[in-house]
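All remarks here apply to the structure that follows.
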């Protein structure tokens, strides 16, 4: 792995750290591929019982690297790397603990829906600004969020796209637990150790049973979402939003 994804195993716990703190750990297509490979390797490694996923510095992930995606717009395979990551994180058999030290935007939030435990800093903030960027939700959010919070709240989170804090994220069920920022990694590693000490096959089978009822539907939704997302990337609305982002101004949708 290159230095944009740090991989470290301590005992039976594998830690994956998104490592672009200067870019708020925004995900590039290459990072998606690296994450998929690391998750698959961990899932097949008998020495690993728990996977932890976090971000370097005071951010989890600001979502997709917009400039990287703009550069790849003409590549027909551009969406395959994020789709492969989503298909992987939703099907790994071993438990995944997400540790959120700060900002989690877009897929930085939607990927949490596929983790088995999510522990967040009291300084963390979350946002799903898809529509604000002229896009549509991804990461299974169109299926899982309404199930989790109901249609009206899901509509507010996805369409209005306003940021929300860790306390509300816990109330909504997006995260399991909120802890003091300075204690975040200690608490997360303690939870990982407890999980790693449990009967490993029973843990994996229980996880599979909890997910089995909607796994087929989720995989279909992931593909449908990413296809719509890719189509939206080339839409005039998204072009205006992405241009506004690069020019550091508010998007103007008045002509649409």
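The values are calculated or read from the model by the stated rules, or taken from the named source; none is laboratory data. In this text, all values refer to a predicted model and were calculated from it rather than measured experimentally. In this analysis, Cβ positions are derived from the backbone assuming ideal geometry, glycine residues included, and neighbour counts consider all displayed protein chains.
The table below lists the values:
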{"item": "Test: residue in region 150-161 that is assigned to a loop (DSSP other than H, G, I, E, B), modelled with pLDDT of 95 or more and within 30 Å of residue 42 (Cα to Cα)", "result": "no"}
{"item": "Output for region 229-238, where each listed residue is assigned to a helix (DSSP H, G or I) and either at pLDDT 95 or above or surrounded by fewer than 16 Cβ atoms within 10 Å (Cβ to Cβ) (or both)", "result": "231, 236, 237"}
{"item": "Qualifying residue in region 211-228 (condition: closer than 15 Å to residue 131 by Cβ and either part of a loop (DSSP other than H, G, I, E, B) or out of contact with any helix residue (DSSP H, G or I) (no Cβ under 8 Å at 6 or more places or on another chain) (or both))", "result": "yes"}
{"item": "Unique match (being under 13 Å from the mean Cα position of the chain (by Cα) and farther than 25 Å from residue 214 by Cα) among 100, 118, 96, 131", "result": "100"}
{"item": "Hits in region 164-210 - residues which are in contact (Cβ under 8 Å) with a residue 40 or more places away in the chain and not in a helix (DSSP H, G or I)", "result": "165, 174, 175, 176, 177, 178, 179, 180"}
{"item": "Yes/no for residue 140 being modelled with pLDDT of 95 or more, at positive phi and surrounded by 17 or more Cβ atoms within 10 Å (Cβ to Cβ)", "result": "yes"}
